[in-house]
Amino acid sequence: MRRKPILPRVWHFASFGAPGVVVYLCFVMAPILISFGYSLTNHNPFNPPAEFVGLENYRLLFQDEQFLTALRVTTILTVIVVIVPNLLGLGVAVLLDRKGWLYNALRSMFFTPVILSSVVVSIIWTKLLDDRGPVNDALRALGVEHPPGWLSDPDLALYSVASIVCWQMLGFCVVVYLAGLQGVPAELLEAAEIDGAGPVRRFRAVTWPLLAPSLTINTVVLLISAFKTYDYVKVVTNGGPGSGTTATIAFDVLATGLDANHVGYASAMAMVMLVIVATLTTIVLRFLRRREVDL
Amino acid sequence: MRSKLRPVAAILVSALFAVPLYYVLVNVFKPGDQIARTPASVPLPPTPANIHAVLTRPDGLFWVSLANSVLVTLLSIIVLTVLSAMLGHYLARSAKRWTKVLALILLAGLMIPPQVILIPVTEVLRLTGLMATIQGLVLFNVGYYVPFGVFVFTGFIRGVPVELEEAALLDGASRTQVFWRIVFPLLRPATASVLIFLGVWIWNDFIDPLIILGPSQGTTVTTGIYRSIGQYQADLGSVFALMFLATLPVLIFYLALQKQFVKGLTGGATKG
């Protein structure tokens with residue numbers, strides 16, 4: 001049945017839809033188009049005029065050692081951040097899935113880092129992981145003579161940064177899994193128990209399949225936020241130690257475009273980043289959603 | 001896991017996880033030299049000296065940053081709520097094919113990393129004379145977060161019976177009146193989650209105020225903390241106190257609205 005509009009559609013759009021759409025177009029969509037335009041030039045605001053260079057920036061990008069390193073750094077970081085908080089979050093959620101003040105209080109505690117600014121989290125961990133910080137003090141007290149330089153060792157710094165992100169995101173996964181666990185009907189679990197299924201079997205056969213929507217939301221949120229990791233890198237390591245050992249693509253885009261003023265080149269980098277995020281998110285979403293439908 | 005073991009395991013795991021939070025909390029109330037010597041000890045007796053020092057700094061860094069953060073956050077979330085509720089209403093009530101396209105374009109905005117658009121945004125703002133101003137940052141926040149608001153509101157408005165609006169329209173109310181007097185009050189849960197999430201995100205935001213407000217024009221609490229670690233490296237007490245004070249408003253906000261927070265977060269998860 002088609003409804004007849006009571007007021008003209010155009011008027012409805014102009015008054016209700018347009019204001020939000022206009023701001024969105026001006027500050028998100030237009031900048032993406034401008035960015036794409038820049039990526040085809042050698043634009044540098046301090047050295048005009050810009051020349052059209054076609055796909056040259058993109059060709060250079062895939063021969064650029066620094067960009068390939070950033071791509072590798074971002075990939076490692078994303079893989080760790082998608083897997084670790086998801087797994088640990090599920091474990092903690094199962095552990096805390098009980099009623100009572102104790103479990104309520106512990107849930108709130110796990111969620112606290114989620115509401116902290118990433119700058120605050122980064123500074124706390126910078127101090128904790130300092131070569132002479134409390135973590136290494138504790139290790140020395142335990143008899144470790146040369147505790148690792150968590151943030152100063154080029155082989156280790158990326159994993160330290162990844163751990164910080166995981167720590168902050170863990171509570172998010174815990175809360176989403178807890179909500180999922182509450183949606184698992186008790187009758188199903190009881191029926192499985194009567195049929196003789198042990199706790200592990202019950203979890204695998206009943207609980208886990210019903211947590212599919214929670215897994216989807218956690219994975220997509222972690223994927224997107226891992227891919228745009230900037231704050232932690234900027235505050236904790238500033239891309240170092242050494243050359244680009246922790247510099248993500250998100251970090252390199254702004255370093256190249258705003259600090260070094262190579263706007264054209266940075267824009268090509270940003271476009272590659274956008275395509276990767278969009279493709280990955282679409283694939284992951286489609287894959288996980290299909291799992292949900294199959295149930 | 002039997003009932004005796006579970007609380008013990010839960011407390012142990014949580015204690016391990018909470019070490020960084022403990023570390024901040026104890027050091028806020030310790031004199032600077034004690035932080036360096038015994039960072040993990042309990043502050044005995046606790047001293048408010050660090051907090052006092054931050055609150056009475058001659059350059060007023062904390063108060064200026066606080067005022068900027070409050071202004072940016074409040075303006076952004078008010079405008080965002082109004083615009084995204086109205087746009088959400090349009091999308092939920094219009095059945096034209098192009099509104100579906102519009103919804104998709106907005107949805108895409110949920111995954112665009114800010115780094116992709118920030119460089120051209122600074123140029124757009126420079127052209128309009130809004131670079132390094134609070135208004136510029138607020139406008140950018142509105143554009144960047146409007147997809148999230150619309151996403152939340154559209155879902156909710158679909159649950160409001162359209163007959164309710166039609167009846168009021170027949171009674172002679174204008175569409176604007178119908179929306180603000182009848183529909184909007186019904187959207188309270190959606191409004192709460194939009195206000196809470198965007199409030200926390202915008203308050204905690206680092207990269208956008210850092211780049212849009214620039215180095216000299218103004219600091220928000222996050223950029224203020226970031227700049228003061230460089231300048232006051234030796235004065236750890238102030239850094240901890242500043243972090244604590246900057247987090248306090250969000251923490252109170254969160255503890256007061258915890259239920260809505262979790263509901264807002266998991267609404268999407270359980271609905272799928």
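The residues of the stretch A:237-256 listed by number as losing at least 40 Å² of accessible area in the complex, against the isolated chain and with a 1.4 Å probe, are A:LEU254. A convex hull fitted to the Cα coordinates of chain B yields 195 cubic angstrom per residue. The residues of chain B have, on average, 46 Å² of accessible surface per residue, using a 1.4 Å probe with all protein chains present.
Taking all C-alpha pairs of the stretch A:46-131, those more than 23 Å from each other amount to 57 percent.
Would the stretch B:65-117 count as rounded, prolate or oblate if I go by the C-alpha gyration tensor, calling it rounded below 1.5 in a/c and otherwise prolate when a/b exceeds b/c, oblate otherwise? The shape class here is oblate. Along the charge dipole of the protein assembly as shown, pointing to its positive end and built from +1/-1 on Cβ of Lys, Arg, Asp and Glu, which listed residue (A:ALA179, A:VAL22, A:ALA138) has its Cα farthest out? It is A:ALA179.
Sites listed here are GluC sites (Glu not before Pro) in the stretch A:45-152 whose DSSP assignment is loop and whose Cβ has at most 15 other Cβ atoms within 10 Å: A:GLU51, A:GLU145.
With the largest listed first and rounded to whole Å, the semi-axes of the equivalent ellipsoid of the stretch A:81-172 from the Cα gyration tensor are 28, 15, 13.
Comparing Cα centroids, the stretch A:116-181 and the stretch B:158-174 end up 54 angstrom apart. Only Lys, Arg, Asp and Glu carry charge here, each on its Cβ (+1 for the first two, -1 for the last two); on that basis the protein assembly as shown has a dipole of about 1900 debye about its Cα centre. Pairing chain B with chain A buries about 7500 Å² of accessible area. This figure sums both sides and uses a 1.4 Å probe.
Hydrodynamic analysis of chain A uses the Kirkwood radius over alpha carbon pairs. Inserted into Stokes-Einstein at 25 °C and 0.890 mPa s, it gives a translational diffusion coefficient of 108 µm²/s.
Amide H contacts of B:ASP205: none lie under 5 Å away among residues 5 or more positions distant or on a separate chain (H built 1.01 Å from N in the peptide plane; Pro and chain starts excluded). Measuring how big the protein assembly as shown is from its alpha-carbon positions, Rg and Dmax come out at 25.0, 82 Å. Between A:HIS262, A:VAL272, A:PRO241, the Cα set farthest toward the positive side of the dipole of the stretch A:227-295 (charges on each charged residue's Cβ, about the Cα centre) is that of A:VAL272. The mean number of partner chain beta-carbon atoms within 10 angstrom of a residue's beta-carbon across peptide B:5-12 is 3.
Peptide B:80-93 has a mean of 4 when you count, residue by residue, the C-beta atoms of other protein chains within 10 Å of its C-beta. Taking amide H as placed 1.01 Å from N in the peptide plane, the amide H of A:THR41 sits under 5 Å from that of A:VAL53, each at least 5 places away or on another chain. Which shape class, rounded, prolate or oblate, goes with the stretch B:94-143 when its Cα gyration tensor gives a ≥ b ≥ c as root eigenvalues, a/c under 1.5 marks rounded, and past that a/b bigger than b/c marks prolate? Verdict is prolate for the stretch B:94-143. Counting lysine pairs in the protein assembly as shown that sit 8 or more residues apart in sequence, or on different chains, and whose Cα atoms lie under 21 Å apart gives 10.
Across the accessible surface of the protein assembly as shown, with the other protein chains kept in place and a 1.4 Å probe, carbon and sulfur atoms take up 67 percent.
Couplings 3J(HN,Hα) for the stretch A:117-131, derived from phi with the Karplus relation 6.51 cos²θ - 1.76 cosθ + 1.60 (θ = phi - 60°), are 5, 4, 5, 5, 4, 4, 5, 3, 6, 4, 5, 4, 9, 3, 3 Hz, where x marks Gly and Pro. Within chain B, which is the longest segment containing none of the trypsin sites (Lys or Arg not before Pro) that sit in a DSSP loop and have at most 12 other Cβ atoms within 10 Å? Counting only loop sites that pass the neighbour cut-off, the longest clear stretch is B:97-272.
Over the stretch A:14-116, accessible surface divided per residue gives 49 Å², non-protein components excluded, 1.4 Å probe. Using only side-chain charges placed at the Cβ, +1 for Lys and Arg and -1 for Asp and Glu, the dipole size of chain B relative to its Cα centre rounds to 880 debye.
Let a ≥ b ≥ c be the square roots of the eigenvalues of the Cα gyration tensor of the stretch A:1-104; is it rounded (a/c under 1.5), or, if not, prolate (a/b larger than b/c) or oblate? Oblate is the answer for the stretch A:1-104, as a/c is 1.5 or above yet b/c matches or exceeds a/b. Our coupling estimate for the stretch A:76-85, obtained by passing each phi through the Karplus curve with A = 6.51, B = -1.76, C = 1.60 and θ = phi - 60°, is 4, 4, 5, 4, 4, 6, 6, 7, 5, x Hz, Gly and Pro reported as x.
Residues in the stretch A:177-183 carry Karplus couplings, in order, of 5, 4, 4, x, 4, 5, x Hz; the curve used is 6.51 cos²θ - 1.76 cosθ + 1.60 with θ = phi - 60°, and Gly or Pro positions show x.
Residues of the stretch A:114-128 that bury at least 40 Å² of accessible area once all protein chains are present, compared with their chain alone (1.4 Å probe, heavy atoms only, ligands and nucleic acids left out), are A:ILE115, A:LEU116, A:SER117, A:VAL119, A:VAL120, A:ILE123, A:ILE124, A:LYS127, A:LEU128.
The values are calculated or read from the model by the stated rules, or taken from the named source; none is laboratory data. This is a predicted model, so every value here is computed, not measured. Note: ideal-geometry Cβ built from the backbone for every residue, glycine included; neighbour counts use all protein chains shown. Surface areas here come from the heavy atoms of the whole protein model, side chains and all, with no ligands, DNA or RNA. Shrake-Rupley method; radii C 1.70, N 1.55, O 1.52, S 1.80 Å.
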